[in-house]
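See structure below.
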Amino acid sequence: MAKKTDAAESKKTETETKGIDGRTVMKRADRAFKLKEPWDPLLREMFELTMAARNPYDPNKTGATSMSRQFDSTAPTSLFKATNRIFSEMTPADQNWIGLDIGPVLLPRMNELQQQQMRKILSQMVQVAEVVFDGGNFINAQWECFLEMLGGIMGCMLVLEDGDDIEPVSFQCVSQSEVALEIDGRGRKRGVYRKRKGVKVREITEMWDDAELPKELKDKLRTSGANQEDPEIDLMESTYWLKGGGWAYCIHWRKGSSDEPVQLVYREYNECPWIIYQWSRIPGSPYGPGPGILLLPAIRMVNKVREMVIMNAALALAGMYLGRDDGVLNIDNIQIMQGGIVPVASTGGTIGASLVPLETGRNFEIGHFVLTEEQEIIRRGLFDNGLPDPKDGVRSPTEIIERVRELAQDVGGAIGRITRQLVELVARVMGILQRRGLVPGVNIDQFTFKVQIKSPLARAQQLQEVQTILQWYQMLQSLGGPAFAAVFANIEAVAVLISTRMGIPHQVQRDTADKEAMQQQIGQIIAAQQMAQPAAANLAA
């Protein structure tokens, strides 16, 4: 169950003694951001070439920024398509993609009736969680996180408890430009730090109802009149692992590098409030490149070639000219550009004409060839290899199935990491709902009770196990017939496993009592048929 200090317990005199001291927290945060600095130039360039209108590294964040370096739309289009595809395959909107089940430690200790009763309770918990995921801002935040992950090195989602029972959970996608990670010697996540710049003082208590402002900040609010701008400060939002278990979440205000940081908020949670989606991880580093970073050389090439093609096209259309300085043509009044004049001593022949066209390179074939090849590399790297154009001919069902299977193979490792983060996301939401009394309190630790991800792509991988079981059962039947297969295969257990892997709701499955009643009815029907066969034989004789 998630735990958070009450507002009455968040006073400054008490929060100063909780968790790690402020200077230590700020030092750990500074080290984390220092470790991330080598990635910043790559991320800045990636945003400039693919998502310039949403570049978080641009100092002007008031609106759309300049797209002066972005000449080709292949990478942005494929990046958005890949985001839509991963989102629809992992967390489809208005669909049931999560589940809860009994864990491997608890399952052997429960009989079948207890298992069915517990699964009904878990199913009701899932229904409450689905309302949370379908409402609020989860869909937008999740989509933004996947876009950041594919185009950069990570997608960061902050999941906090809201004060409203209608929307008890707040989902926020935080730009990776503001976040730095910390890992321990074994590569485990042990800290998440966020620089929050330009936070209005009056909004601090609105965002954190248990925040306690020091006297200096209260004075800033009192001195700011109605005609003055709201005072703004920079905050450090820190989340770190506690040695005794759980996570500490705190907000610090540091007036200067030499000042003692002031702790405004301190909370403790059993689950980490940060969900960090990563496409890959480099050993020994908290980060790893996403598909966009890996494709950055091709993206650079495509943009540069496209820029040169555009310039060449402008020269081909407008042309350039040679102007002879003969006292008639005033070169100073003409600019050298598309349609401009280049001053020369002679334009040809003995004297030459006063103005003649300048031959320029107009061969677009090489540029077109390079563009086509590099664009195909970008599309394949971002899984933009959907169904071909219908004009190219009808494709067979086998080719379509192979394309889907190829996607599952290409993103297999990354999907495993994303699935793990989705498990943490569901556990975090369940912790908040349990604390608010909206669902029963169960220990979701993947041992006692476990989270199941039933998204289309995850389910497709689970169906491979079902296919293997069915092939095994068919082979038993081919060896010795149905009776021989029934000796080795527990049909009821097979049916339950298939239902679980396919994500069949328990409402459409019969419970133990119904199954026993149906078995009795089937037994009675078989017995009646067996008794009727001798009677029919006697009548025939």
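Scalar couplings 3J(HN,Hα) for the range 117-128, obtained by applying the Karplus form with A = 6.51, B = -1.76, C = 1.60 to θ = phi - 60°, are 5, 5, 5, 5, 5, 5, 5, 5, 5, 4, 4, 5 Hz; x denotes Gly and Pro. Accessible surface comparison of ARG85, ARG44, probe 1.4 Å, protein chains only, largest first: the order is ARG44, ARG85.
Database remark: amide H of VAL265 closer than 5 angstrom to the amide H of ILE251 (H placed geometrically; neighbours at sequence offset of 5 or more, or on other chains; Pro and chain starts carry no H). Residue by residue, the range 267-283 carries 3J(HN,Hα) couplings of 9, 10, 10, 6, 10, 5, x, 9, 10, 10, 8, 9, 6, 8, 9, 8, x Hz when phi is fed to the Karplus relation 6.51 cos²θ - 1.76 cosθ + 1.60 (θ = phi - 60°); x denotes Gly or Pro. Within the set of other residues whose C-beta is less than 14 Å from the C-beta of ILE293, count the net charge using Lys and Arg as +1 and Asp and Glu as -1. Result for the neighbourhood of ILE293: 0.
Per atom type, the range 14-144 shows carbon and sulfur on 53% of its accessible surface, probed at 1.4 Å.
Using the Karplus relation 6.51 cos²θ - 1.76 cosθ + 1.60 with θ = phi - 60°, the per-residue 3J(HN,Hα) values for the range 489-498 come to 9, 8, 4, 5, 5, 4, 5, 5, 5, 5 Hz, with x marking Gly and Pro. Remark on LEU100: its backbone amide H falls under 5 Å from those of GLN452, a criterion applied only to residues 5 or more positions apart or on other chains, H modelled at 1.01 Å from N.
Over 31 Å apart at the Cα level, from the set LYS200/LYS450; LYS195/LYS220; LYS34/LYS200; LYS34/LYS255; LYS189/LYS255; LYS195/LYS243, are LYS200/LYS450.
If we count every other residue with Cβ under 13 angstrom of LEU43's Cβ, Lys/Arg +1 and Asp/Glu -1, where does the sum land? Once all neighbours under 13 Å are counted, the net charge is -4. Counting charges near GLU178 (Lys, Arg +1; Asp, Glu -1) among other residues having Cβ under 10 Å from its Cβ returns a value of +3.
Across the protein chains, with a 1.4 Å probe defining accessible surface, the residues SER478, SER354 rank SER478, SER354 from largest area downward.
The values are calculated or read from the model by the stated rules, or taken from the named source; none is laboratory data. In this text the structure is predicted, and so the values were computed from the model without any measurement. Counting neighbours? That spans all protein chains shown, and the Cβs are built from the backbone with ideal geometry, glycine included. Each accessible area value is taken on the protein alone, full model and side chains, heavy atoms only, with ligands, DNA and RNA left out. Shrake-Rupley method; radii C 1.70, N 1.55, O 1.52, S 1.80 Å.
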